[in-house]
1. Residues that are at pLDDT 90 or above: list the helices (runs of 4 or more DSSP H) wholly contained in segment 121-229 that include at least 2 such residues.
2. Would you mind telling me which numbered condition in (1) charged (D, E, K, R); (2) at pLDDT below 95; (3) surrounded by fewer than 19 Cβ atoms within 10 Å (Cβ to Cβ) ARG88 fails?
3. For SER205, state whether it is surrounded by fewer than 19 Cβ atoms within 10 Å (Cβ to Cβ), without any contact (Cβ under 8 Å) to a residue 24 or more places away in the chain and hydroxyl-bearing (Ser, Thr, Tyr).
4. Residue by residue through segment 47-58, note down the ones that are modelled with pLDDT under 70 and not polar (S, T, N, Q).
5. Scan segment 284-303 and give yes if some residue there is surrounded by fewer than 14 Cβ atoms within 10 Å (Cβ to Cβ), part of a helix (DSSP H, G or I), under 18 Å from the mean Cα position of the chain (by Cα) and at pLDDT below 95, otherwise no.
Amino acid sequence: MEILIVGFLIGVCASVTGALAYEGLKEHSAWLYIGLVSLLVICIFFLSKKFTRSGKAKISVEGFIIHLKEENQIQRVPRYQFSEEISRFLGSAFNENEALKRQWDKEPLLHIFSQKKGESSEASLKLIREASEYYIIETLSTHLTDYFNQENYDNSELKELSREDVPTILLNNRFMELFSAPMENRSVFDSEDHVGVAGGEVVMSMGPNGAFYSRFDLVLPKGAKVTRENGAIVIDTSKFKLSISIRFNGTGYNTPINFEKYYLGLESFKKYRVFGVEFRAEVEFKLFSSLRKSNWDYHAWLDSYFETIERELSGEYYFRKINWETVTTMIQCGQKMPNKQKQADA
């Protein structure tokens, strides 16, 4: 309504201005027409640039993992969802698939900057990327299920993609392929484990030694497609095209001073290394999609998904959540108090 009112007023003003300009220039109509055409071309050019620029968005969220050098494993950081999940995914995969564990040990993150011949970290880097990608896929799957599990959404406007519908993603992510494989095909699960309550289908299950099963599904608006392009997972809907990916190349991450010492009990920085993991997303909205109001409710999950990723993966958000500034201030005050007491006694 506001746009219509403002548009009407602008139209009135433009009409009056045009009438006055025409009265003054009607004797030179050729120049008037040339000026109008030139103005129209300029307006269309700038408007198209505006539409193109505003139709794209980029989102980046940076988290972190802590690698213990001697143990060659990822430290579980309490209350940090991303770290806890990555540590669990790696542990579950290594217990079930010895080949993945051998790759992790043969090319550990410890050698990430090594110049020695035969020392490489490529296998470990790839495993972290795949585990992180599986995490954002699982997060999206859970988020979409919760989002569309409401009465106001018509199931005929939705479609559910299963494991068989996205082979390109499965073939490029060993964690997804392993964890979503049917339990009856995995020896770590008992024959009864795959039977749900009252014969229903099992959605998620934990087995011996941390074995993990999660049924893969993506509930999306009808007509959406999921593919992989240039290493990124692409979700193409009628309103927008979403591309999500993980960047992990061994760069460091600056955690607050003494965080590892006081929160995790890691005394020496020589025993661990902190790496940054970046979530990237690019959204390209379809031309004129914002002008079509229909079915936007079926696509409004995008913002809340990004909020979930930031809440669970962002290192900066995590340190705010645990009030680390307050905690470290209390620690420093506690360290100073005994010294003051000794000085007072002296």
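The values are calculated or read from the model by the stated rules, or taken from the named source; none is laboratory data. Keep in mind that this is a model prediction, so the values were computed, not measured. Here the Cβ is made from the backbone with ideal geometry for all residues, glycine too, and neighbour counts use every protein chain on show.
1. Ranges flagged: 122-148, 174-179.
2. (2)
3. Details: surrounded by fewer than 19 Cβ atoms within 10 Å (Cβ to Cβ): yes; without any contact (Cβ under 8 Å) to a residue 24 or more places away in the chain: yes; hydroxyl-bearing (Ser, Thr, Tyr): yes.
Against the criterion (surrounded by fewer than 19 Cβ atoms within 10 Å (Cβ to Cβ), without any contact (Cβ under 8 Å) to a residue 24 or more places away in the chain and hydroxyl-bearing (Ser, Thr, Tyr)), SER205 qualifies.
4. Correct list: LEU47, LYS49, LYS50, PHE51, ARG53.
5. Yes - at least one qualifying residue is present in segment 284-303.
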